[in-house]
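The values are calculated or read from the model by the stated rules, or taken from the named source; none is laboratory data. Note that the coordinates shown come from a computational prediction; the quantities given were computed from them, not determined experimentally. Please note: Cβ atoms are built from the backbone with ideal geometry, for glycine as well, and neighbour counts cover all protein chains shown.
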Amino acid sequence: MNSEKLIEQISQRAILIRTEAGYSQETMASILGISKKTLVQIEKNRTAASWTVVVAIIALFSDSEIIQSLLGDAPLEVIRTIAHNGLDRPKGKTLGGKVWWKELENESEFRIQQNLISQHFRILDKEDYVWFSTFDEQEVLERFHELSQIKR
């Protein structure tokens, strides 16, 4: 997934996300910091939301069933991955990927997981901190082997 695809997906679901939250167009527009006219244009698929609006929707409504059905249980991780083109830092403790994730590889210090919904990959350490995240399988494998060698 890339930013253009995510913008398209969230723009197409904006009305559903708003309705799920129980907000009027005026309230939703105010929350997102856009005009009601802009929100109406997005909801009627006349224009796509901007990247900033998409990030705001995902951040503010990350518990939305609609967003989670599209991005899984870690929607903020998905937008961070897209925005930063991969994470490369041991930050962000997770719950260990017990529900939305399948484990692909495991060594003593690190493991690779793939999200069942968004299909992105991440490397976690044994304490469930994210060290790397990407949509590129080859890239995650390379980084996994690098990290595994460093920790030996």
Original post:
When you go through (1) surrounded by fewer than 18 Cβ atoms within 10 Å (Cβ to Cβ); (2) farther than 24 Å from H84 by Cα one by one for S50, which number turns out not to apply?
Top reply: (2)
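For (1) over 16 Å from F61 (Cα atoms); (2) in the same structural domain as E137 (by TED's automatic domain parsing); (3) buried (at least 18 other Cβ atoms within 10 Å of the Cβ), each residue gets a yes or a no:
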{"site": "R13", "(1), (2), (3)": "no, no, yes"}
{"site": "I17", "(1), (2), (3)": "no, no, yes"}
{"site": "Q25", "(1), (2), (3)": "no, no, no"}
{"site": "M28", "(1), (2), (3)": "no, no, yes"}
{"site": "L32", "(1), (2), (3)": "no, no, yes"}
{"site": "K44", "(1), (2), (3)": "yes, no, no"}
Subject >> Output for the range 121-135, where each listed residue is under 18 Å from K5 (Cα atoms) and at pLDDT 90 or above >> reply: F121
Original post:
Looking only at residues in the range 115-152 that are part of a loop (DSSP other than H, G, I, E, B) and touching a helix residue (DSSP H, G or I) at 6+ places or on another chain (Cβ under 8 Å), which one is nearest to I10 (Cα to Cα)?
Top reply: S118
Subject >> Which listed residue is loosely packed, with under 14 Cβ neighbours inside 10 Å and under 14 Å from the mean Cα position of the chain (by Cα), from A59, A74 >> reply: A59
Subject >> helices (runs of 4 or more DSSP H) within the range 22-71 that include 2 or more residues over 28 Å from L116 (Cβ atoms) >> reply: 25-32, 36-43
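Residues are listed down the side, and each one gets a yes or a no for (1) surrounded by fewer than 19 Cβ atoms within 10 Å (Cβ to Cβ); (2) farther than 19 Å from L71 by Cα:
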position: Q113; (1), (2): no, no
position: R122; (1), (2): no, no
position: S133; (1), (2): no, no
position: E137; (1), (2): yes, no
position: L141; (1), (2): yes, yes
Original post:
Got a sec? Which of E107, E127 is surrounded by fewer than 14 Cβ atoms within 10 Å (Cβ to Cβ) and either without any contact (Cβ under 8 Å) to a residue 24 or more places away in the chain or outside the structural domain of E65 (by TED's automatic domain parsing) (or both)?
Top reply: E127
